[in-house]
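The values are calculated or read from the model by the stated rules, or taken from the named source; none is laboratory data. What you see is a predicted model; the values in this text were computed from it and never measured. All Cβ positions, even for glycine, are placed from backbone atoms using ideal geometry, and neighbour counts span all protein chains on display.
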Amino acid sequence: MVENEFIPINIAVVTISDTRELKNDKSGETLQNRITQFGHKVTVREIVKDDFNEISDLFKKLLKNKDIDVVISTGGTGLTGRDITPEVMETLFEKTIDGFGEMFRWLSFKKINTSALQSRALAGVACGKYIFCLPGSPSACKDGWDEILKYQLDVRHKPCNFVEIMPRLQEHKYFRSKN
């Protein structure tokens, strides 16, 4: 049996924060370094304020960008009033990937015990692209990438992975137009 060859994908990294700039964005830097060391390409790196419209507008722009396959964000997934990433994503997702948040919290529980309940990490599909939303700490970004995303964004990972089904993410549009 022939093994699949690695397929590099294009990833946008977005930090959602009122206090970060590129020079002090350790979480975004952590993601960018891990993504590129693994062999994928970071085609866009952005920082956006915790503002509903700004986040929504940026993600809509990224979803239209044909040079992006996946968007990974960090920040805005907590419980404070400024943490609105999940509320914005609810307006964008066509489908949710419930298991991502569940698995992230399970992995976090092993490290931070019941404090993992405070994470609202989530994922979904929109416009034929995956969106993964991680908490804003470098540790959470390491865990999300090292324990989940590096495997699911690798076509060689078996028995299944997100990359192999990327071409089929927009099938519903075809079927809707036929009916």
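Among the listed residues VAL2, VAL48, which satisfies the condition of being among the β-branched types (Val, Ile, Thr) and modelled with pLDDT under 95?
Details: VAL48 fails: modelled with pLDDT under 95.
After applying the criteria, what remains is VAL2.
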Can you tell which of ASP18, ASP57 is outside any strand (DSSP E or B), farther than 21 Å from LEU169 by Cβ and modelled with pLDDT of 95 or more?
-> ASP57
Hits in segment 60-79 (condition: in contact (Cβ under 8 Å) with a residue 12 or more places away in the chain and part of a helix (DSSP H, G or I)) | LYS60, LEU62, LEU63, LYS64
Can you give me the number of residues within segment 119-162 that are under 13 Å from the mean Cα position of the chain (by Cα) and polar (S, T, N, Q)?
-> 1
Of (1) more than 13 Å from the chain's Cα centre (by Cα); (2) farther than 22 Å from VAL44 by Cβ, LEU169 satisfies every one except (2)
Any residue in segment 153-161 that is under 15 Å from THR74 (Cβ atoms) and touching a residue at least 40 places away in the same chain (Cβ under 8 Å)?
-> no
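Condition first: in a helix (DSSP H, G or I), within 17 Å of VAL163 (Cβ to Cβ) and without any contact (Cβ under 8 Å) to a residue 40 or more places away in the chain. Now tell me which residues in segment 24-54 satisfy that.
First, pick out the residues of segment 24-54 that are in a helix (DSSP H, G or I): 24, 26-38, 52-54.
Going one step further and asking which of them are within 17 Å of VAL163 (Cβ to Cβ), we end up with 34-36, 38.
THR36, the sole residue that qualifies.
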Of everything in segment 1-37 that's within 16 Å of the chain's Cα centre (by Cα) and hydrophobic (A, V, I, L, M, F, W, C), which residue is surrounded by the fewest Cβ atoms within 10 Å (Cβ to Cβ)?
-> ILE9
Does PHE109 qualify as being within 20 Å of ILE9 (Cα to Cα) and among the aromatic types (Phe, Trp, Tyr)?
-> no
Considering segment 115-128, residues that are small (Gly, Ala, Ser), surrounded by 13 or more Cβ atoms within 10 Å (Cβ to Cβ) and not in a strand (DSSP E or B), and then whichever is modelled with the lowest pLDDT, we arrive at ALA116
Which residues, taken from segment 78-90, are modelled with pLDDT under 95 and either among the basic types (Lys, Arg) or within 12 Å of the chain's Cα centre (by Cα) (or both)?
-> ARG82
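Quick grid of which residues meet (1) outside any loop (DSSP other than H, G, I, E, B); (2) crowded, with 17+ Cβ neighbours inside 10 Å; (3) hydroxyl-bearing (Ser, Thr, Tyr):
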| residue | (1), (2), (3) |
| --- | --- |
| GLY81 | no, no, no |
| MET89 | yes, yes, no |
| GLU102 | yes, no, no |
| PHE109 | yes, no, no |
| ASN113 | yes, no, no |
| CYS133 | yes, yes, no |
| ALA140 | yes, yes, no |
| HIS157 | no, no, no |
| PRO167 | yes, no, no |
